[in-house]
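The values are calculated or read from the model by the stated rules, or taken from the named source; none is laboratory data. Predicted, not measured: the structure shown is a model, and the values here were computed from it. Cβ placement follows ideal geometry from the backbone for every residue including glycine, while neighbour counts extend to all protein chains displayed.
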Amino acid sequence: MDVIAGRDVAIPCGDITLEGLLHLPDGAGPFPGIVVCHPHPQYGGDMYNNVVGALVRAALDSSFAALRFNFRGVGESEGTHAGGRAEPDDVKAACAFLAGQPEIDSGRVALAGYSFGAAMALLASADVSPSGLALVSLPTIAGELSPPNGAFPLLLVSGDRDEYSDTTALANLAEAAGERARLEVMPGVDHFWAGSDDRLIETTAAFLRAL
């Protein structure tokens, strides 16, 4: 569990409320922002996951605000887990919430996710139209992936030892997305990124600074 300080927030999402943490960088706003989505809750994923924390750190290092949140049914978030059917609505609600904060430049809200969170971010991105989309260890086991609709920059990051995120499938996705897409494959990294947070922070921060 990471311990980056943040402000507790309540995110309206239809008839439920999601819990979140809003992190603001040093300096005066308005700041660009990014919503960060956590891995699968049925395997212990929540907004305090180490990879989520690394993405938050990358945002702060790049002078971005970051909003992490718990999907429905996780932690103090209301509702129940929906197996990925309703969770894209959670992502959209978090993006709308972040864009509406007074410290945030509403025209510069990016989106990121790890594992299950990456899949939900990808599904939500067509409706959100983020300023950039960063997908870490995007699961590829469900079959061929289609590139997100829109012209926003796309970062795909995975490890060459990731058994759930096939690099060939990611390469095909990046090729289909065209010049806006960038694929980074980290040698020696598996799905859980143990001991590799620094490399992920560096790669994601470089992506954010270019937005």
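Where residues in the stretch 13-34 are hydrophobic (A, V, I, L, M, F, W, C) and closer than 12 Å to PHE71 by Cα, which of them is surrounded by the most Cβ atoms within 10 Å (Cβ to Cβ)? For the stretch 13-34, the residue satisfying everything is LEU18.
Considering the conditions (1) part of a loop (DSSP other than H, G, I, E, B); (2) modelled with pLDDT of 95 or more; (3) among the β-branched types (Val, Ile, Thr), ILE141 is excluded by exactly one of them, (2). For the subset of the stretch 154-171 comprising residues that are free of Cβ contacts under 8 Å to residues at least 24 places away in the same chain and either of a type outside the set (A, V, I, L, M, F, W, C) or buried (at least 24 other Cβ atoms within 10 Å of the Cβ) (or both), which member is farthest from LEU138 (Cα to Cα)? Checked the stretch 154-171; the qualifying residue farthest from LEU138 (Cα to Cα) is THR168.
Quick one: in the stretch 80-97, which of the residues that are touching a Lys or Arg at 6+ places or on another chain (Cβ under 8 Å) and part of a loop (DSSP other than H, G, I, E, B) is farthest from PHE207 (Cα to Cα)? Across the stretch 80-97, the extreme among qualifying residues is THR80. Among the residues of the stretch 157-192, those identified as over 19 Å from the mean Cα position of the chain (by Cα), more than 16 Å from PHE116 (Cβ to Cβ) and in a loop (DSSP other than H, G, I, E, B) are ASP160, ARG161, PRO187, GLY188.
Inside the stretch 38-79, residues that are part of a loop (DSSP other than H, G, I, E, B) and either acidic (Asp, Glu) or without any contact (Cβ under 8 Å) to a residue 60 or more places away in the chain (or both) make up a count of 13. When ALA82 is tested against (1) within 23 Å of LEU155 (Cα to Cα); (2) of a type in the set (A, V, I, L, M); (3) without any contact (Cβ under 8 Å) to a residue 12 or more places away in the chain, just one condition goes unmet, and that condition is (1). For the stretch 22-52, a tally of residues being in contact with a strand residue (DSSP E or B) (Cβ under 6 Å, 6 or more places away or on another chain) and modelled with pLDDT under 95 returns 0.
Among what's in the stretch 1-37 and is assigned to a loop (DSSP other than H, G, I, E, B), touching a helix residue (DSSP H, G or I) at 6+ places or on another chain (Cβ under 9 Å) and not charged (D, E, K, R), pick the residue that is farthest from ALA194 (Cα to Cα). Taking the candidates together, the pick is GLY14. Among all residue pairs at least 6 apart or on different chains, which show Cβ distances below 6 Å where the first residue, located in the stretch 12-34, is more than 20 Å from VAL52 (Cα to Cα) and the second is at pLDDT 95 or above and part of a strand (DSSP E or B)? Note: pairs meeting the criteria are THR17/ALA10; PRO30/ILE104; PRO30/ASP105.
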